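Structure first, then comments.
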Amino acid sequence: VTLLSRVLERQQTSDIRVMSYNILADSFMRSRDCSEYHFPYCDLSYQTSEYRDPRIAAEVMAYFPTLAGFQEVEEKVYDKFLKAAFADTHHSFITTSKGRNKVGCAIFVSKESFDVVEYQDISLPQQYEVNAVLASLFDEISKQFPDMNEQLNIRPVRAQVAVLKHRSTKEIIVFANTHLYWNPAYRVASLLHVHALATLVSNLQHKHVQESKLPHVVITGDMNSEPLSLFHDYMTLSYVPQENELWWVEERCYSSLSPLLHNPLQVRVCRGTPEYTNYTEDYKNILDYILASKHLKVVQDTPPHPSELFASEVALPNSIFPSDHLPIVTDFCLLARQ
């Protein structure tokens, strides 16, 4: 168990502990033909699944989250370690791609704290076909950018959405988890994926409204989006201003989409102040998110990572940390609503 696992001790005022963690799929450690390792600075003995998988499970168990969203989850790790570790205490769901790697996302929900009212495993690109409002929107977008359908479907991006009832307060939470595509050349398509997810979550809020009160929202994920990004503006400002320079992609401007894409959710970033969540030799930044609605009060969140934890290593993964990402954790209490 790493030192980082012991940074956050549970507070008495905490009702819900939320964790987001990209655990780094074993199949992404090396090239497809196994001729090249993606983390050459990491000793090969620390890159094996036999070394990494138990440490991932130990890391998660040390935090013992109420709600957890994981990314880059392989079925074998889910079945042998994660699901096995939490079989008695958590509901769990996984969604994986249909490719040979069987990699995807997983969520875990405390049985003691929540009942699962509804669960959906969705393709975000397909939402622009099955949702009438989004289909109409995409028709308008395609008139301006005829190749947008190709961009939208560049990867089979999926999301998990669960409607949960808190057992003691009876409050409803819509919990979502996803992993967006990493390539910045497709950041506009990723924004459309996020808009589809926000639309679905909003629809579920209105479906499960209680006495004129919308359910809470919690979203976890590796959004592959830095603090200066289209995603961050969309989530925190409810839209992306037309003057944002990131609308320009390879000498093409997409700013005309700004008035078409408004976030229907009222959420804020609740991940603390980590200096980075992705830490490799060539790249260090914040890519992972916990977002929550305002009536979920933050009790404590991810502190800055102690620098001494990394002093003896080049980057992640390494002998201590099994992933190239660091977990982020936030504790919430449910505020009484009038």
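The values are calculated or read from the model by the stated rules, or taken from the named source; none is laboratory data. From a predicted model like this one, the values you see are computed outputs, not experimental measurements. A quick note on method: Cβ atoms are made from the backbone with ideal geometry, for glycine too, and the neighbour counts reach across all protein chains shown. With ligands, DNA and RNA removed, areas are computed over all heavy atoms of the protein, side chains included. Shrake-Rupley method; radii C 1.70, N 1.55, O 1.52, S 1.80 Å.
Taking the square roots of five times each eigenvalue of the Cα gyration tensor of the range 194-338, the equivalent ellipsoid has semi-axes of 30, 24, 11 Å, listed largest first.
Which one of Asn244, Asn153, Ile16 is farthest out on the positive end of the charge dipole of the chain, using unit charges on Cβ (Lys, Arg +1; Asp, Glu -1) and the Cα centre as origin? Checked the options; the winner is Ile16. Over the range 62-162, the reciprocal of the mean inverse Cα-Cα separation, the Kirkwood hydrodynamic radius, stands at 15.5 Å. Spin-label model, Glu75/Tyr283: points 7 Å from Cα along the beta carbon direction are separated by 2.8 nm.
Projection of the Cα convex hull of the range 211-250, averaged over all directions and equal to a quarter of that hull's surface, yields 4.2 nm². In the range 145-232, the ratio of gyration radius to Kirkwood radius, Rg to Rh, stands at 1.06 when only Cα atoms are counted. Taking 0.36 nm per residue of separation and subtracting the Cα-Cα distance, what length does fully extending Ser136 through Arg252 add? Residue separation times 0.36 nm, minus the Cα-Cα distance, leaves 39.4 nm. Panel values: the chain, Kirkwood radius from alpha carbon pairs, Stokes-Einstein at 20 °C and 1.002 mPa s, translational diffusion coefficient 104 µm²/s. DSSP assigns beta bridges within the chain; of those with both partners inside it, close to 80 percent run antiparallel. Annotation: Lys102 carries an accessible surface of approximately 80 Å², with a 1.4 Å probe and no ligand, DNA or RNA atoms counted.
From a point 7 Å beyond the Cα of Glu245 in the direction of its Cβ, which residues of the range 191-230 have a backbone N at a distance under 17 Å? Answer for this model: 226-230. So, in nm, how far is label Ala87 from label Leu309 when the simple model puts each one 7 Å beyond its Cα toward the Cβ? Simple spin-label model gives 3.0 nm for this pair.
Measuring nothing but how far apart in sequence close Cα pairs (under 8 Å, 6+ apart) lie, relative to its length, the range 129-243 scores a relative contact order of 23 percent. Take the convex hull of the alpha carbons in the range 98-140; its mean projected area over all directions comes to 5.0 nm². Taking only the Cα atoms of the range 1-133, the radius of gyration and Dmax are 16.9, 51 Å. On the basis of the beta-carbon distance and an R0 of 41 Å, His206 and Glu275 show a calculated FRET efficiency of 0.60. For Asp26, the solvent-accessible surface computed with a 1.4 Å probe is close to 20 Å², ligands and nucleic acids excluded.
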